[in-house]
Structures are given as C-alpha cells and as structure tokens.
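The values are calculated or read from the model by the stated rules, or taken from the named source; none is laboratory data. The structure displayed is predicted, hence computed values, not measured ones. As a convention, Cβ positions derive from the backbone with ideal geometry for all residues, glycine included, and neighbour counts pool all protein chains shown. Keep in mind that these areas ignore ligands, DNA and RNA; they rest on the heavy atoms of the full protein, side chains included. Shrake-Rupley method; radii C 1.70, N 1.55, O 1.52, S 1.80 Å.
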Amino acid sequence: MESIFRETIMIAVIGAGVSGLSCAWWLQRHGMPVRVFEAAERVGGKVSTLAGEALCEQGPNTLLLDEELGQWLAELGLSPLWPEQGSDLRHVLQRGRYRPLPAGPWQLMAGGLLSWRAKWQLLRGLLRPGDPAEAESSLAAFCRRRFGQEVLDKLLDPLACGVFAGDPEELALDETLPRLARAAARPLPLWKGLWRERAGRARMCTLPGGLQQLPQRLARDLDIKLGAPVTALRRDGDGWRLRTREGWEWADRVVLAVPAAAAAELLHPLAPEMADVCRRIPYAPLAVVSTLLDGEAMEKPLPGYGALHPSGEGALTLGHLTVSNIYPHVCPDGTRLVTSFIGGRKHPEWLEQDDDALLAGLNQELERLFGMRGRPLAQHLTRWPQALPQGTPLQRRLRGAAEQWGGRGLHLCVNWLDGASLPDCLRKGRRLARRLAEREGGFA
C-alpha cells in the first residue's frame, strides 16, 4: 500500500479550520490528492453559527467579499446576503456616550471627535514622509510619534481593542496593519503612500444560514478525518509520517493549519527553536455574548453597525455589534440581536468570572448604554480562551524558518501568520495550494 502512496503526491493537511479547508479544496481542484486530519468533531475552527431563537455567530460575524472571493462563493453555490442600507454607521464611546465615527478624513477633520490640536497633529503626520524604521514599530509607538496621544486614545486604541482584541503597545504595525506599514515605509508623504496601498473594493456580507455554511460547504468536497488528532510528525526519506489514533500514515507533503501551540508540539522534535517561537505567540481571550431582546426593550437603540470602546472608558466590553440592524434576517420580527465582546489582551482577568457574573455585568452595561429594560429573551455566551492570535515581532522570526521547512515539504497555512481575518485565511490557503501544485507539476 505504501508504494501506491509514493507513486502519487499525497498531501496531508492537519487542521480543518478555514485556512486548512481552503488550502485542501484548492489542492484538490488542482488535481492533487489530499487528506485533512481534524482533532475536533466538526470543521470550521472558530467559524461557528448557533441556530436557535436567533442566528448567532460565535466567532467571525461578517465576511469581506472582493471580486475573487465572490466568484468562489458563486462556484460553491453560496449566495451572499448584503447588509441593510445605512447599517455601516459606526460609533465610539467617549465620556460615557456614543459618538458617530467619521466615515472619512474630511468628516474626521470637520467633526468634534478630535480636538483642533489633535487634528493639526493628524494632518502633519499625514504630510510627513515615511520612514522604513516605522514599519516595524508597535501600533502605539507609530501613532504616538506621528499623530500624538489623543489620536491613539480616541481612534487607534478602540480599533486595536475592538477589531484585534489586542493591546496597541504590543501589536506590531507590519504584522497587524500591513498596508499602513508599507505606506509608512515609502519615501512619500504618508497620505500618498496610503493612496497607493488602497485595497480593491470589498463588500461586507454574511450567508443565509450563517458563516458556518462556508467551511461546511468546503468540507463536502474533501476527504476529511474528524476526531483524528495528529500527535507526531516524523521525516521519512523525502516524505513524512503522521501518527494518528489509527497508527502511522504517510504523506509526501504536510500542511500545518493548526493553532500555534499545537504547531509547537508537532514541530518541537524537528525544529525546537522554531517551536519555541510558536509557543510564545500571544493570543487574546474573548467571551462572545449574543443577546436577543424584545424590539421595545431598548430606550436608546444604537443605529448602524455598532460601537467600539476605548480602553480608557472603563467599559466591561470591547464593543457591541448591533447584528439585527445589519442583517435583519438573523432574528424574529419585533426583536433585536446584539453581540458583545468581553476580555481581550488588556483584560483577560474578566474571563475568570463565571457565566452568571459575566452576564450580570454585561446586562448592567446594556442598561446603562442602551437603556435596556427587563430581562433578555435569550443570551448565549461562548468562551474562546485563545480567540485571536496577536501580530507581534515574533512572526517576523518565523518566516525564514518556515521557508526553509517549506523546501522539505512542511508548510504553514495558519491564522497566526500573515493575517487572521476570514478573507486572509481563505486567500492564503488558495495561494499555498497554487504554489504546491505548480511545484509538483499538478497545476491546472
């Protein structure tokens, strides 16, 4: 049997999160035999949708769809659902009250979110030429040096906390906001560098039955072993052996698509220094709470998309997403669905509370900020001890080592390297599959 495998390029993908599924799907599309091994009993990783009284996303809540991803969804037979018109309005908490976030630079300069002094510092920072050294600084150091403390406190801090669940003092600019880092490294005024780095048009969407439909659809086309953790990797000539509960399996190539700690365990016998770096990659813990309310239970409903909370405001949550404003189909008529995020790198201790205490604190905040009356119709709390990997200088140290092992047939396709968002994970899987297929002559 082993000789049969050696006659055909067999690629083993370890991990059935979105990155691993994307890579496996495209490998198979290019004619490459592939098998996926997943320790859990379900696919999708943190992409998880709870269908009960409402449709509640327990992980990512939305997908940014560009033309390429849109074509892929169509090929998969998945139809995107677009947000309600006007639901893109965002807010930020300032002195205990919500203020609309400016939609663009002109609104920011004309509005009252920043003082005139901060606006002047922001303008000067945009006009200053870039400096390559800035690209490797932390988000906080970059913003403080170029735009001042007020811009950091009122704009960048809520972005870092609400979007990345991170600490801007820890997050690296080039690992977290790579387009901004590239613009900052150009010998041009920063605004001109940002213009050159502007992304193509992408639209926010979801799927009719929730985002979990995407990994489930990808899995339908694949050879996947669920409840099949890989506990060891061993080099075997030009190929690899993988230890599973059923014994050792052989593969020509291996793609690791697992969390950093799991990758460290598999890599340690092969590359102990690389494994040590993986083990130290920080993650932000999160509790995600979906709250279903009667439509009249809020005295001060927040219009639009939701709100971010700067850490200096002392709120329990990192922010709230007003899901039913964006996608009304997620809950019954006459109700509202709000998703709240608690914890992050700055406040991991809040997740030490039990569920009852955490929900009591959240409901007090909903009463204070939204004027919530009475008890929610339903609440669902999901804890992610390692929710979001943080982009830090550690990732820079991994790239060279990862490239060396790629030459030996061991590849990384993970959300803790080169972007953690859902579109990032989908794209990196496709890119790696294309490289492997071209290298092995199986590209179609």
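Estimated purely from DSSP H runs of n ≥ 4, each contributing -39500 (n - 2.57), the mean residue ellipticity at 222 nm for the chain is -10000 deg cm²/dmol once divided by its residues. Within the chain, DSSP assigns beta bridges of which about 75% are antiparallel (rounded to the nearest 5). Under the rule a/c < 1.5 gives rounded, and otherwise a/b versus b/c splits prolate from oblate, where does the stretch 114-200 land using the Cα gyration tensor? Note, shape of the stretch 114-200 comes out oblate. Distances between every pair of Cα atoms in the stretch 283-389, grouped in 5 Å steps from 0 to the bin holding the largest one, split as 2, 12, 24, 26, 19, 12, 5, 1 percent.
Of the trypsin sites (Lys or Arg not before Pro) found in the stretch 208-279, those in coil by DSSP whose Cβ has at most 10 other Cβ atoms within 10 Å are Arg245. Cα convex hull, the chain: 149 Å³ per residue, rounded to a whole number. The residues neighbouring Arg345, those whose beta-carbon lies less than 13 Å from its own, together hold a net charge of -4 under the Lys/Arg +1, Asp/Glu -1 convention. Excluding Leu293 itself, calculate the net charge of residues whose Cβ lies under 14 Å from the Cβ of Leu293, where each Lys or Arg counts +1 and each Asp or Glu counts -1. Neighbour charge sum, excluding Leu293 itself: -3. By the rule of a C-alpha distance below 17 Å, with chain neighbours fewer than 8 residues away ignored, the aspartates and glutamates paired with Lys192 are Asp131, Glu134. Applying 0.36 nm per residue to the separation of Glu438 and Arg383 and subtracting their alpha-carbon distance, the gain on full extension is 15.7 nm.
Take the Cβ atoms of His329 and Arg203, set R0 to 22 Å, and the FRET efficiency comes out at 0.80. The alpha carbons of the stretch 351-429 stretch over 60, 25, 19 Å along the principal axes, in descending order. Taking 20 Å as the straight-line reach from the Cα of Lys46, the lysines in range (excluding those fewer than 8 positions away in the same chain) are Lys225, Lys428. The residue among Ala12, Ser87, Leu155 whose Cα reaches farthest toward the positive pole of the charge dipole of the chain, with charges on the beta-carbon of Lys, Arg, Asp and Glu, is Leu155. On the stretch 104-235, 57 percent of the accessible area sits on carbon and sulfur atoms, based on a 1.4 Å probe. The simple spin-label model puts a point 7 Å past each Cα toward its Cβ; for Leu50 and Leu89 those points are separated by 2.9 nm.
Angle of helix 116-127 to the longest C-alpha principal axis of the chain, folded into 0 to 90 degrees and rounded to 10: 30°. Normalised per residue, the accessible area of the chain is 46 Å², obtained with a 1.4 Å probe and no contribution from ligands, DNA or RNA.
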